[in-house]
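Step one of this worksheet: look at the structure below.
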Amino acid sequence: MTTQPQTFAWRLRCRVCNATADTNWTLLLARRVGPSCNECGSPEVTAQETGTSVSVAFPRPLVPPVQWWQCCNCGGTGLDSYGDTCPHCNGYGHC
C-alpha cells in the first residue's frame, strides 16, 4: 500500500478585505496560530478545500484552561452516599 500525497489545493479568503490566495494543508499546519492574510495581515481567514468544499474558519476559538478541584463532598463522582445528586457540586464532580 502506497501513501499518496495530498493533491487538493486550499483557497484562503480574508473575511476583512476579501483577498484570496492558494495554499496547501501542510502550510496551514506549519503555522501554529493559523494563517493570516497576505494583503492586510488579518487573522480572520477562511480556508476552503477546492475538491470537497470543506471549510475551516480561522482563528479557531481557543478554550482557556480552567483549573478545577475535585469535589470534597462526593470525591468527584457527582453523587452523594444515597445516590442522589451531590448538593455541594450539583452533580458535576468538581467545584
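The values are calculated or read from the model by the stated rules, or taken from the named source; none is laboratory data. The structure displayed is predicted, hence computed values, not measured ones. Glycine gets a Cβ as well: all are built from the backbone with ideal geometry, and neighbour counts include every protein chain shown.
Taking residues in segment 70-95 that are free of Cβ contacts under 8 Å to residues at least 12 places away in the same chain, and partners anywhere that are of a type in the set (S, T, N, Q), the pairs with Cβ atoms closer than 8 Å and at least 6 places apart or on different chains are D80/N73.
I'm checking my understanding of the structure. Among residues of segment 57-77 that are modelled with pLDDT of 80 or more and assigned to a strand (DSSP E or B), which one is nearest to R15 (Cα to Cα)?
Applying the first criterion (modelled with pLDDT of 80 or more) to segment 57-77 yields 57, 69-77.
Going one step further and asking which of them are assigned to a strand (DSSP E or B), we end up with 57, 70.
Details: A57: 10, Q70: 42 Å.
Selected residue: A57.
For V16, are the conditions met, namely being at pLDDT below 85 and outside any helix (DSSP H, G or I)? For V16, the condition - at pLDDT below 85 and outside any helix (DSSP H, G or I) - is not met.
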